[in-house]
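Any read-out appearing in this document is the output of simple, stated calculations on the displayed coordinates, not a laboratory observation. Only a predicted model underlies this, so the values are computations on that prediction, with no experimental measurement involved. A quick note on method: Cβ atoms are made from the backbone with ideal geometry, for glycine too, and the neighbour counts reach across all protein chains shown.
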Amino acid sequence: MIHHLITYIYTDQVDFSDEDDKAISIMKAWVLAEKFCMPDWQNRPIDHLMEHWQDDQVRPAKVAWVLDNVSKSSPLYKLVIDQFTHDLAYEYDYFLGQENREGAEEYDKEFGALCSKTGFSVNTSGLGRPLSS
């Protein structure tokens, strides 16, 4: 992450396109900026993170990383939790409702691990079906 910070300081540019795990790299850059009290630098990674999430939902593994590495009072923590909640509420078929979606098994493991970590449980048996009266 230091190389991103140095690049930003010297060129005023930020580029995460070459990162293997773009979301984690962006969040690590934000944490580094928070430690150095650099609010302008903190804003750049957030812009990249929101752009990244326009094309992809927040994966449970990313939420788990935030729970482990970011203060609950930080704006990044709140953003990730809010975005994940939004994605879960409005894209629940992607998360839990589709049986044959690509990467379903890996995603379900991540979601199960996140639920275990937080103490939440989710009953997915009724997803996609109307509630009976």
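Along each principal axis, taking the top coordinate minus the bottom one, the Cα set of the range 1-67 gives 33, 22, 18 Å in descending order. Remark: the range 61-69, residue by residue, has Karplus-estimated 3J(HN,Hα) of 4, 5, 5, 4, 4, 5, 4, 7, 10 Hz, where x stands for each Gly or Pro and the curve is 6.51 cos²θ - 1.76 cosθ + 1.60 at θ = phi - 60°.
Set the Förster distance to 35 Å, then compute FRET efficiency between M38 and H86 from the Cβ-Cβ distance, nearest 0.05.
Here the calculated transfer efficiency is 0.80.
What does the charge count near H3 come to, summing +1 for each Lys or Arg and -1 for each Asp or Glu among other residues with Cβ under 12 Å from its Cβ? Here the count lands on -2. Sorting the segments 5-15, 52-62 by their mean number of nearby beta carbons within 10 angstrom, highest to lowest, gives 52-62, 5-15.
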